[in-house]
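Notes follow the structure.
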Amino acid sequence: DLNEKGLEEKLAHYQLSMEDIKSSVRDMSLVKAFVELHIEQGAYLASEGYDIGVVDGIVGITRYQVRVSGESNHAGTTPMKLRKDPVTAAAAIIKMIHEKALEYGHPFVATVGNIEVQPGMYNVIPSEVTLYLEMRDLEQARVEQFAKELEFSAKKELSEVRVSFELQVNKPSKMLSK
């Protein structure tokens, strides 16, 4: 909005003027195509020995909130063999995520970006751990299959706790025109 209050001051901060903005307008009827250049954010091209790459798709993003519920108890008086510790189970799930993502191969990635522990005190075995899981891939079917396999494995192998998966975000991938 060229009439935005304070715009001239904001532009001046970047050594720009209103004339710079007005002169940047292009006749779109003369544009035949766009080329958008990026510096690679990851290290895939360099690790494979490529100097340059062409993007053929935009990976989808799927996010789950994974809840692991156990049994809260006193940390000093509850024997290790009697604990239903959701932190231990969450650690096992994180390991499953990593190992299974490696099996899926490039470009599939999975990340646990945040972990919340309740009640979060030194002397209390937690009652619940929440993991925030994000998965990305060019094929949405692979993401959905990964999530199903992970949920099945977690529930089967960690029967001493309750595990639930709640879909939070589902943005499918998009292949680009060639």
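Volume per residue for region 15-82 equals 362 cubic angstrom (convex hull of Cα atoms). If only the Cβ of Lys and Arg carry +1 and only the Cβ of Asp and Glu carry -1, the dipole of the chain around its Cα centre is close to 660 debye. Once the dipole of the chain is set up with Lys and Arg at +1 and Asp and Glu at -1 on Cβ about the Cα centre, which of 114, 104, 124 lies farthest towards its positive end? Final value for the positive-end residue is 124. Region 74-90 and region 37-53 have Cα centres separated by 45 Å. If I take every Cα pair under 8 Å that is 6 or more residues apart in region 50-178, average their sequence separation and divide by the length, what percent do I get for the relative contact order? Reported relative contact order: 45 percent. Each residue was assigned an accessible area with a 1.4 Å probe, and for residue 19 the value is about 120 Å². In this view, the solvent-accessible surface of residue 67, computed with a 1.4 Å probe and all protein chains in place, comes to about 80 Å².
The phi-based Karplus calculation (6.51 cos²θ - 1.76 cosθ + 1.60; θ = phi - 60°) puts the 3J(HN,Hα) values of region 74-81 at 6, 5, x, 10, 9, x, 4, 6 Hz, whole numbers, x for Gly and Pro. In the chain, a dipole from Cβ-located charges (positive for Lys and Arg, negative for Asp and Glu) runs towards its positive end, and of 2, 153, 47 it is 153 whose Cα lies farthest in that direction.
Sparse packing (at most 14 other Cβ atoms within 10 Å of the Cβ) combined with a DSSP loop state is found for the following GluC sites (Glu not before Pro) in region 130-178: 160. How tilted is helix 86-104 with respect to the longest principal axis of the chain? Cα atoms for both, answer in degrees (0 to 90, nearest 10). Helix 86-104 and the main axis of the chain meet at about 50 degrees. A 1.4 Å probe, protein heavy atoms only, puts the accessible area of residue 74 near 90 Å².
Accessible surface comparison of 68, 109, probe 1.4 Å, protein chains only, largest first: the order is 109, 68.
Over all directions, the projected convex hull of the C-alpha atoms in region 101-178 averages 6.7 nm² in area.
Extents of the chain, taken as max minus min of Cα coordinates on every principal axis and listed largest first, are 73, 42, 29 Å. Taking each residue as 0.36 nm, the span from residue 11 to residue 118 lengthens on full extension beyond its C-alpha to C-alpha distance by 33.9 nm.
Computed 3J(HN,Hα) for region 108-123, one whole-Hz value per residue from the Karplus formula 6.51 cos²θ - 1.76 cosθ + 1.60 where θ = phi - 60°, is 5, 9, 9, 9, 9, x, 7, 9, 10, 10, 10, x, x, 10, 4, 9, glycine and proline marked x. Label separation (residue 32 vs residue 170): 4.2 nm, computed from points 7 Å beyond Cα along the C-beta direction.
The values are calculated or read from the model by the stated rules, or taken from the named source; none is laboratory data. The model shown is predicted, which means the values in this text are computed figures rather than measured ones. Backbone-built Cβ (ideal geometry, glycine too); neighbour counts: all protein chains shown. The area values use the complete protein model at the heavy-atom level, side chains included, leaving out ligands, DNA and RNA. Shrake-Rupley method; radii C 1.70, N 1.55, O 1.52, S 1.80 Å.
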